[in-house]
Amino acid sequence: MWTDDGEGKILYVQTHGVDDPGRSATPFFLAASAAAMDCEVGIYFTMFGPQLLQTAIVDKIGPKGDVGQPLSYFINQATELGVRLYVCQPSLDLNDLTVDELIDDVEMIGGAAFNDMAIEADTVISF
Amino acid sequence: MADAADRILDCTGMACPLPIVKTAKEIKTMEIGEVLELLATDPGVEPDMNAWSRRTKNELLKIEQDGDVYHVFIRRTR
């Protein structure tokens, strides 16, 4: 949820999962950049997006496959700057995942909370 | 360089968003009024540092280009 402590509020939405690694890291890049600009930033993972947050996956895939940094590097870069990660239960169900299978930084929200954050945000960017 | 920076941050060879992310982290460890010199080769660094400085309200003193290397001078203002 927003605290209004930053210079602006950006909410990113990630819908792509492990089948499309080239689309996995960019939301984290942009979120890290925004957080570095003192914006308050959240990324909401829905549809296939929660697949990217699995503890068993984050070190195994990266935006360029086996070349370059793994996804965990880009996730940490964002969360170290205060970017918050959100998922909702139906998206976990869709991917047969439980929150216990995800990395520690993930927060559970629902559709109402997501819509409320979207209304309050300065902008919402979907991938 | 005419103006001596208090600290130099070498981000040459690093791609976006690392120069911004590292600058943001580094400047928070400096005293208000001190100057950071960022070295970067990412071709987007000039518009990026303009936007970053405007948003974070730190002062972008100047950007000099020396071959492929941009020298970005930023004063921490708050």
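The values are calculated or read from the model by the stated rules, or taken from the named source; none is laboratory data. As the structure is a prediction and not an experimental result, all values here were calculated from the model. Glycine also receives a Cβ, built like all others from the backbone with ideal geometry; neighbour counts cover every protein chain displayed.
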Could you tell me whether B:ILE32 is within 9 Å of the chain's Cα centre (by Cα) and farther than 20 Å from A:PHE28 by Cβ?
no
Pairs, please: C-beta under 8 Å, at least 6 apart or cross-chain, first residue without any contact (Cβ under 8 Å) to a residue 12 or more places away in the chain and within 9 Å of chain B (Cβ to nearest Cβ) and in segment A:24-38, second surrounded by fewer than 24 Cβ atoms within 10 Å (Cβ to Cβ) and outside any helix (DSSP H, G or I)?
A:SER33/B:CYS16
So which residues in segment A:26-46 are part of a loop (DSSP other than H, G, I, E, B) and either crowded, with 24+ Cβ neighbours inside 10 Å or over 12 Å from the mean Cα position of the chain (by Cα) (or both)?
A:MET37, A:ASP38, A:CYS39
Within the group B:ILE20, B:ILE74, which residue is within 9 Å of the chain's Cα centre (by Cα), within 11 Å of chain A (Cβ to nearest Cβ), among the β-branched types (Val, Ile, Thr) and crowded, with 17+ Cβ neighbours inside 10 Å?
B:ILE20
Quick check on this structure: which one of A:ILE10, A:ILE75, A:ILE57 is in contact with an Asp or Glu (Cβ under 7 Å, 6 or more places away or on another chain) and either in contact (Cβ under 8 Å) with a residue 12 or more places away in the chain or within 17 Å of A:LEU102 (Cβ to Cβ) (or both)?
A:ILE10
Go through the residues of segment A:3-11 one by one and say whether even a single one is in contact with a Pro (Cβ under 7 Å, 6 or more places away or on another chain), modelled with pLDDT under 95 and either away from chain B (no Cβ under 14 Å) or farther than 17 Å from A:PHE74 by Cβ (or both).
no
